[in-house]
Amino acid sequence: MNDSLPPAPYCCPENHAPLAPASADLVAALNVRIAAGTLVTAGGRRLDTALDGGFVRADGARFYPITAGIAALVAAEAVALPVS
């Protein structure tokens, strides 16, 4: 997780539910899927850059990536969870 992000209550752009920092284990698992070329966003874009971290929606249904220190808090950039 990028420690330079301001401490703020982030919320989901879809339903305004709270977002929490993703665990290192989840980010590592998603990076494995990125390396395999199999991780796709809600908008249909295949992710091809390793994640620095991310946020998980309170219900655990969406992951919002942080890449190159930038959080993508856009509904189309979310990844549906759980990732099988």
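The values are calculated or read from the model by the stated rules, or taken from the named source; none is laboratory data. On a predicted model such as this, the values are computed, not experimentally measured, just so you know. Every residue, glycine among them, receives a Cβ derived from its backbone with ideal geometry; neighbour counts consider all protein chains shown.
Pairing each residue of segment 57-84 that is at positive phi with any residue that is at pLDDT 95 or above, provided the two are 6+ apart or on different chains, yields C-beta distances under 8 Å for Gly60/Leu81; Ala68/Thr49; Ala68/Asp52; Gly69/Asp52.
Across segment 58-70, what is the number of residues that are within 17 Å of Asn15 (Cβ to Cβ) and within 9 Å of the chain's Cα centre (by Cα)?
Summing the residues that are within 17 Å of Asn15 (Cβ to Cβ) and within 9 Å of the chain's Cα centre (by Cα) in segment 58-70 gives 3.
Please specify each residue of segment 38-84 satisfying the condition of being β-branched (Val, Ile, Thr) and farther than 22 Å from Pro18 by Cβ. Talk me through it step by step, then tell me what you get.
At the first step, the residues of segment 38-84 found to be β-branched (Val, Ile, Thr) are 38, 40-41, 49, 56, 66-67, 70, 74, 79, 83.
Across segment 38-84, the qualifying residues are Thr38, Val40, Thr49.
Taking Asp52 as the residue in question, decide whether it is touching a Gly at 6+ places or on another chain (Cβ under 7 Å) and closer than 16 Å to Tyr10 by Cβ. Yes.
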